[in-house]
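**Student:** Take a look at this one; I'll ask things after.
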Amino acid sequence: MKIQKKVLTIILLIVVLFLISEVSKVYAVMSPTHPNEIRYSRGVSNVCYVVNSSASAYTSYVNSAANGWVHTHYGDNPIYMTAVSSTVGSHMDIYADNLSGRYEEYYAYTTIWNYNANQLSFSGKENYWYAEIMINKNIKQSTYILTHEMGHCFGLTDNYNVDSVMYYCDAGNAKTVQYCDNETINYLY
């Protein structure tokens, strides 16, 4: 009888530990990740973006990524994006170049700028006026890469949630905007 109680207790403990680990996984997927509080000064309800002629080969990826942020299928989402033909008044400028030096291994990178055209830091406290994405022409691109970089434009930072499009490297599970990414946008805006 004592052995049966011990076995039953051990089985129950294993089941409880398993359930806790599964709940933790769900929470990690669903919880917003917002390590900083910076965002577009003008909000995200009408983000105008322009694809510079240097990046014209990537226009379909850019448009697909923009569409993915606008139509997340997760309910509320304040993002609306419009493609424009000039950098005048745009919130997000997309360029491409053969990157070298410290950016040589990057698929792309994002920079943020204030109203006076001074580059800002993502770890800073100042909200920003516009963002630029620089695509590396030396590396094969995808919609996922542009979706990830647009996330940076919206104020999201790299994270360690493999189920987020903002996972810090391209080995994550998510290739499109996920619930946790959408919730972070809702938190910021």
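The values are calculated or read from the model by the stated rules, or taken from the named source; none is laboratory data. Keep in mind that this is a model prediction, so the values were computed, not measured. Quick reminder, even Gly has a Cβ in these numbers, built from the backbone with ideal geometry, and neighbours come from all protein chains shown.
**Student:** Within the range 35-59, take every residue that is of a type in the set (G, A, S) and without any contact (Cβ under 8 Å) to a residue 12 or more places away in the chain and give me the one that is nearest to T176 (Cα to Cα).
**Tutor:** Among them, the one singled out is S56.
**Student:** Another question, then. Go through the range 111-145 and give me each residue that's of a type in the set (S, T, N, Q), under 18 Å from Y61 (Cα atoms) and in contact (Cβ under 8 Å) with a residue 60 or more places away in the chain.
**Tutor:** Answer for the range 111-145, where residues must be of a type in the set (S, T, N, Q), under 18 Å from Y61 (Cα atoms) and in contact (Cβ under 8 Å) with a residue 60 or more places away in the chain: Q141, S142, T143.
**Student:** Considering (1) hydrophobic (A, V, I, L, M, F, W, C); (2) touching a Phe, Trp or Tyr at 6+ places or on another chain (Cβ under 8 Å); (3) closer than 20 Å to I185 by Cβ, say which one V162 fails and leave the rest.
**Tutor:** Unmet for V162, out of (1) hydrophobic (A, V, I, L, M, F, W, C); (2) touching a Phe, Trp or Tyr at 6+ places or on another chain (Cβ under 8 Å); (3) closer than 20 Å to I185 by Cβ: (2).
**Student:** While we're on this one: Just checking, how many residues over the range 167-177 are within 15 Å of M150 (Cβ to Cβ) and touching an Asp or Glu at 6+ places or on another chain (Cβ under 6 Å)?
**Tutor:** Going through the range 167-177 one residue at a time, the tally reaches 1.
**Student:** If you don't mind, there's one more thing I want to ask. Across the range 101-141, what is the total count of residues that are among the β-branched types (V, I, T), in a loop (DSSP other than H, G, I, E, B) and buried (at least 19 other Cβ atoms within 10 Å of the Cβ)?
**Tutor:** 0
**Student:** A follow-up question, please. Which condition breaks for S164 when tested against (1) within 19 Å of I38 (Cβ to Cβ); (2) in a helix (DSSP H, G or I)?
**Tutor:** Only one criterion is unmet by S164, namely (2).
**Student:** Then there's this: Out of everything in the range 76-100 that is of a type in the set (G, A, S) and out of contact with any Lys or Arg (no Cβ under 7 Å at 6 or more places or on another chain), what residue ends up being surrounded by the most Cβ atoms within 10 Å (Cβ to Cβ)?
**Tutor:** Per the stated criteria, the residue is S90.
**Student:** Only one of these conditions is not met by D163: (1) touching a helix residue (DSSP H, G or I) at 6+ places or on another chain (Cβ under 8 Å); (2) modelled with pLDDT under 90; (3) among the charged types (D, E, K, R). Which number is it?
**Tutor:** Result: D163 fails condition (2) only.
**Student:** Next question, about the same structure. Give the number of residues within the range 113-144 that are of a type in the set (A, V, I, L, M), under 25 Å from N186 (Cβ atoms) and at pLDDT 95 or above.
**Tutor:** 2
**Student:** Here's another thing I want to ask about it. Considering each of S100, S123, S90 in turn, give the residue that is closer than 14 Å to V47 by Cβ and not hydrophobic (A, V, I, L, M, F, W, C).
**Tutor:** S90
**Student:** Run V162 past the list (1) crowded, with 16+ Cβ neighbours inside 10 Å; (2) in contact with a Gly (Cβ under 7 Å, 6 or more places away or on another chain) and report the number of the one that doesn't hold.
**Tutor:** If we test V162 against (1) crowded, with 16+ Cβ neighbours inside 10 Å; (2) in contact with a Gly (Cβ under 7 Å, 6 or more places away or on another chain), just (1) comes out false.
**Student:** Could you check N182 against (1) in a helix (DSSP H, G or I); (2) among the polar types (S, T, N, Q); (3) loosely packed, with under 15 Cβ neighbours inside 10 Å and say which number it fails?
**Tutor:** Result: N182 fails condition (3) only.
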